[in-house]
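The values are calculated or read from the model by the stated rules, or taken from the named source; none is laboratory data. Owing to the predicted nature of the structure, the values given are computational and were not obtained by experimental measurement. Ideal geometry is used to build each Cβ from the backbone, glycine not excepted, and the neighbour counts take in all protein chains shown. These area figures cover heavy atoms from the full protein model, side chains too; ligands, DNA and RNA do not enter into them. Shrake-Rupley method; radii C 1.70, N 1.55, O 1.52, S 1.80 Å.
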Amino acid sequence: MTVQDKIAMPRPSLGFWLRNQMRNVAPFATLLCLVVFFSLASPSFATADNLANILTQISVTGIMAVGLTFVILCGEIDLSVAAVANATGIAVAYFTSQEAYVSIANIPLPGWAAIILALIGAGVLGLVNALGLTLIGIPSFIMTLAMMQIAAGVSAMLVRGQIAYAVPDIVTTIGSGSIHGVPWIVVLLACFLIVGHVVLTYTRFGRYVYMVGGNREAAEYSGVNTKVILGAVLVISGVCSGVAGMAGVAHFGSAQQNEFDTYLLDSIAAVVVGGTSLFGGRGSIGNTIVGLCVLGVLNNGLDHVQIDSFLKILIRGLILLAALVINVYAQRLRDTAAVRGEV
Amino acid sequence: MPTPLLEMIGITKSFGGVQALKGVDFALQAGEIHGLVGENGAGKSTMMKIIAGVHSGYGGRMTIEGREVNFRSARDALAAGIGMVHQELSIVPDLSVAENVFLGKQPIGAVGQVRWSTMVREAGEQLRKLGLDVDPRTRIGSLPIGLQQLIELARVLFSGARIIILDEPTSALSPPEVEQLFSVLRALKREGRSTIFISHFLDDILRVSDAVTVFRNGRKVADSAVSTIDKGWVIEQMIGVGHDDLEESYTGAIPLAAKPSAPVVMAARNLGASRFFRDVSFDIRAGEILGIYGFMGCGQVELARTLFGKIAPDHGTLVLEGTPRRLRNTAAAKGAGIAFVPESRRSMLFHHEPVYKNASIAILDRISRLWLKPMREREITQVQIGALNIRPPRADALLGSLSGGNQQKVALAKWLTHPPKVLVLSEPTRGMDVGAKDDVVRIVRSLRDQGLAVVVVSTEPETVLSLADRILVMKKGAIAREFADGSISKDRLLEAA
Ligand SMILES: Nc1ncnc2c1ncn2[C@@H]1O[C@H](COP(=O)(O)OP(=O)(O)OP(=O)(O)O)[C@@H](O)[C@H]1O
Ligand SMILES: [Mg+2]
């Protein structure tokens, strides 16, 4: 309308960029520090074999973390991932014929049927979460906490304190086989990460996930069906957990109760340590990958150095705390920046 | 002239490569109400944030009573007696009204406890001075945005600050609240306090201020005592000569268009929603702009939300193109061809996302089925940036880095690429400068001429008068009056409300 001065393209300074990228830079720096530290502290850490070990160790956590990334990006949480994984792993064994000494009243089915049934089961558990959150309006924190119990109950009912060993062949291969020296389970993780990344970055659904997490009210006023999106991410999380559960059972070589208990904390930690905001809207599969590596390196590295194994638990806790502090601090920086209008 | 209370000399400020202020001088006298005007993106808010200590990295000098100051934070500025109400509300939605009024300075008792009863009582008193009768214990997020704005004003007005900065304080207020605010400002002035008042309502500025400063494109272009200038002068300084048509004050009679014979697109029959409004009936035809005017809290805001499926009506029916419809949610409303721009920027924009993602979100399903087409989104956005003159004109700029008025333009741009059948606009020109308002009027009229049905809801008489072909006035949740076929003036509209 008036002759404006030519508007210069902004050239952000380095400090400005760093402050903006804090959420991405900090986890990466943490990873580098850990790798350098353990490489110096133990000659057995930085070897090709050990790298393969680390990748295998993070696979099950990683597959769950993919689903969780969707949920956390929406600003919600799924506390039932490990329990759902456990139940699915047990379910697939329940539908497979077991050795005679395993006295479970199970229903043997062909391998493919067992897998499909187990996966449907995981999806249904996710769907129950979704309905609780969207239709009834139970906060996801509470809803999935209840689901954690429900899934644990399903597991208990199916195995009744026993341990099952047999799972369908294909599941066994994925859990413990390898191709050209690369464990199948790592390949599976890679597939999940890639698909997760593609969906989040390049599809319309992915955009909605970010928008619903970024400002749910604004998404709603843009005509986005936020309930469908929230429901969908919980179902996705359920299915990812299910796959992780099956692969995990084959990987461990047995299906029993409570064998996934530590995975809940690990998968949430992986997502959050990677820098995905607990408040939603910011983060990516890339962040989750860094978070997984931090966790994997930490868990694995601590086994390579000579310290009290009880101390290790404490150290792990402290490092996770530090990561959470950074996450919340990054959010604070962003909020004050927003007040100043200099996002 | 005596030493100014506050003086800013040669202020410069840039964000990345964008220079928002290019050597600006500004002076504020003690006991003065100083109006600050300028186009969207002229640098008004940036300048005020410097005074209030929000931006600390800037060039130039700032003095208070002749002594140079350099605030490192908003806290420093507060300690020096400077209080600011920001353009974007900064209330905490989940706290009570009282806690928001006393945010950061709650009365503390002997053992460090918060003195609740004192807080509630004093908050109540302060709000009454602004003519408000709200329970200070209510959760502030549950109140309408205009009330939130007033409560935020109370926080600064009664904080004891010597210099009070109000960045577009009246953008969500209706005339009675504006009057109340002005009388409070005049009372503060008699106490010797100074106010800087930013607004795009030039009539308001001229009515309440003693002096006016005009910014344009990061520079100060003029200042003057109010007694010697008029609206035409201000507009000329703001955007240059040849804009006589923007001067209209709507004091005379404005002709209303005759009803088109086109089919009725949307009809409400005895629509009501619990305590918000009741028995609302109207028809909107294709190619018609229906204005709904009412003071704050008269139910028109909720009515607009009901039309978009956000609030479920508990009686009455909504008829779309002849069929009664129950809109289960906003997605259903959108599917039925309805679009909505709410009055609060906070509830319709994504501050941390680039402009193009903001502009494309509502029409994403039209441009992509499965895969996103970011290039296409940028092209579409670029067209809207041109049409609405959004500054900076970059589809990749982060929304939060735009000035308030430019953000509002983005909000409007969301729906314009694939116009719906019914467009519901709540305060569509909030925070826009005179030129931009004019652009919006032009755009909305051209949509109407393409056969869209438009509903404009506002608490601001000018918005309704400049756009509507027919006006409904709402009063205490019911339709009090309809103005159609004939003419109307601002006075008659206010009388009916
Ligand atoms: N954080 C930021 N990053 C980049 N640019 C910014 C930032 N904050 C403001 N700007 C730019 O500075 C210029 C001045 O903005 P400012 O908010 O001061 O305008 P304003 O006069 O208050 O306009 P309005 O009437 O629309 O509120 C604009 O071009 C804006 O895009
Ligand atoms: Mg501004």
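Here are the numbers for the structure shown:
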| quantity | calculated |
| --- | --- |
| Identity of the residue in segment B:186-211, closer than 21 Å to residue B:145 by Cα, open to solvent by less than 10 Å² (accessible area, probe 1.4 Å) and not small (Gly, Ala, Ser), that ends up nearest to ligand 1 (Cβ to nearest atom) | B:198 |
| Pairs where the first residue, in segment B:168-181, is assigned by TED's automatic domain parsing to the domain that holds residue B:90 and the second is not in a loop (DSSP other than H, G, I, E, B), C-beta under 6 Å, 6+ apart | B:168/B:198; B:169/B:85; B:169/B:153; B:170/B:178; B:172/B:145; B:172/B:146; B:172/B:149; B:173/B:146 |
| Strands (runs of 3 or more DSSP E) within segment B:2-111 that include 3 or more residues touching a Ser or Thr at 6+ places or on another chain (Cβ under 8 Å) and open to solvent by 20 Å² or more (accessible area, probe 1.4 Å) | B:6-15, B:18-28 |
| Residues located in segment A:197-227, provided they are at the interface with chain B (Cβ under 7 Å from one of its Cβ atoms), within 24 Å of residue B:327 (Cβ to Cβ) and hydroxyl-bearing (Ser, Thr, Tyr) | A:221, A:222 |
| Unique residue being farther than 27 Å from residue B:75 by Cα, buried (at least 23 other Cβ atoms within 10 Å of the Cβ), among the hydrophobic types (A, V, I, L, M, F, W, C) and not assigned by TED's automatic domain parsing to the domain that holds residue B:490 when the list is B:134, B:214 | B:214 |
| Unique residue being at pLDDT 85 or above, in contact with a Leu (Cβ under 9 Å, 6 or more places away or on another chain) and within 20 Å of residue B:490 (Cα to Cα) when the list is B:279, B:230 | B:230 |
| Segment A:87-107, residues that are within 11 Å of residue A:167 (Cα to Cα) and open to solvent by less than 70 Å² (accessible area, probe 1.4 Å) | A:89, A:90, A:91, A:92, A:93, A:94, A:95, A:96, A:98 |
| Residues within segment B:217-226 that are open to solvent by 10 Å² or more (accessible area, probe 1.4 Å) and either within 16 Å of ligand 2 (Cβ to nearest atom) or not hydrophobic (A, V, I, L, M, F, W, C) (or both), tallied | 5 |
| Residue B:395, sole failed condition from (1) facing chain A (nearest Cβ under 7 Å); (2) in contact with a strand residue (DSSP E or B) (Cβ under 8 Å, 6 or more places away or on another chain); (3) open to solvent by less than 20 Å² (accessible area, probe 1.4 Å) | (1) |
| From the options B:407, B:382, residue that is surrounded by 24 or more Cβ atoms within 10 Å (Cβ to Cβ) and either more than 14 Å from ligand 1 (Cβ to nearest atom) or under 30 Å from residue A:333 (Cβ atoms) (or both) | B:407 |
| From the options B:363, B:338, residue that is within 22 Å of residue B:449 (Cβ to Cβ), of a type outside the set (Ser, Thr, Tyr) and either touching a Ser or Thr at 6+ places or on another chain (Cβ under 8 Å) or without any contact (Cβ under 8 Å) to a residue 24 or more places away in the chain (or both) | B:363 |
| Test: residue in segment A:233-243 that is of a type outside the set (Val, Ile, Thr) and either surrounded by fewer than 20 Cβ atoms within 10 Å (Cβ to Cβ) or within 14 Å of chain B (Cβ to nearest Cβ) (or both) | no |
| Elements of type helices (runs of 4 or more DSSP H) in segment A:137-209, at least 3 residues being crowded, with 16+ Cβ neighbours inside 10 Å and touching an Asp or Glu at 6+ places or on another chain (Cβ under 9 Å) | A:140-159 |
| Odd one out for residue B:400, checked against (1) in contact (Cβ under 8 Å) with a residue 60 or more places away in the chain; (2) in a helix (DSSP H, G or I); (3) within 16 Å of ligand 2 (Cβ to nearest atom) | (1) |
| Residue B:421 being open to solvent by 20 Å² or more (accessible area, probe 1.4 Å), on the phi < 0 side of the Ramachandran plot, more than 10 Å from chain A (Cβ to nearest Cβ) and more than 16 Å from ligand 2 (Cβ to nearest atom) | yes |
| Unique match (being farther than 18 Å from residue A:267 by Cβ and touching a Phe, Trp or Tyr at 6+ places or on another chain (Cβ under 8 Å)) among A:90, A:104, A:115 | A:104 |
| Filter result for the condition that a residue is crowded, with 19+ Cβ neighbours inside 10 Å and of a type in the set (Gly, Ala, Ser), over B:183, B:171 | B:171 |
| Where a residue in segment A:61-80 is surrounded by 24 or more Cβ atoms within 10 Å (Cβ to Cβ) and its partner, wherever it lies, is among the acidic types (Asp, Glu), with Cβ under 8 Å and at least six apart | A:61/A:266; A:67/A:78; A:68/A:78; A:71/A:78 |
| Check on residue B:35, closer than 30 Å to residue B:232 by Cα and either within 16 Å of ligand 2 (Cβ to nearest atom) or within 14 Å of chain A (Cβ to nearest Cβ) (or both) | yes |
| Only one of A:241, A:237, A:267 that is touching a Ser or Thr at 6+ places or on another chain (Cβ under 6 Å), part of a helix (DSSP H, G or I) and of a type in the set (Ser, Thr, Tyr) | A:267 |
| Condition met for residue B:372 (in contact with a Phe, Trp or Tyr (Cβ under 7 Å, 6 or more places away or on another chain), free of Cβ contacts under 8 Å to residues at least 12 places away in the same chain, of a type in the set (A, V, I, L, M) and within 11 Å of chain A (Cβ to nearest Cβ)) | yes |
| Any hit, segment B:478-495, residues being crowded, with 21+ Cβ neighbours inside 10 Å and closer than 25 Å to residue B:310 by Cα | yes |
| Some residue of segment B:26-44 being more than 22 Å from the chain's Cα centre (by Cα), within 16 Å of ligand 1 (Cβ to nearest atom) and without any contact (Cβ under 8 Å) to a residue 12 or more places away in the chain | no |
| In segment A:290-319, residue least open to solvent (accessible area, probe 1.4 Å) [restricted to those that are out of contact with any Gly (no Cβ under 7 Å at 6 or more places or on another chain) and closer than 20 Å to residue A:21 by Cα] | A:294 |
| Segment B:113-126 residues that are assigned to a loop (DSSP other than H, G, I, E, B), paired with ones that are open to solvent by 80 Å² or more (accessible area, probe 1.4 Å) (beta carbon under 8 Å, 6 or more apart) | B:115/B:108 |
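Listed here are the residues, each with its yes/no results for (1) more than 16 Å from residue B:374 (Cβ to Cβ); (2) modelled with pLDDT under 95.
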| site | (1), (2) |
| --- | --- |
| A:178 | yes, yes |
| A:181 | yes, yes |
| A:188 | yes, no |
| A:192 | yes, no |
| A:197 | no, no |
| A:200 | no, no |
| A:203 | no, no |
| A:207 | no, no |
| A:213 | yes, no |
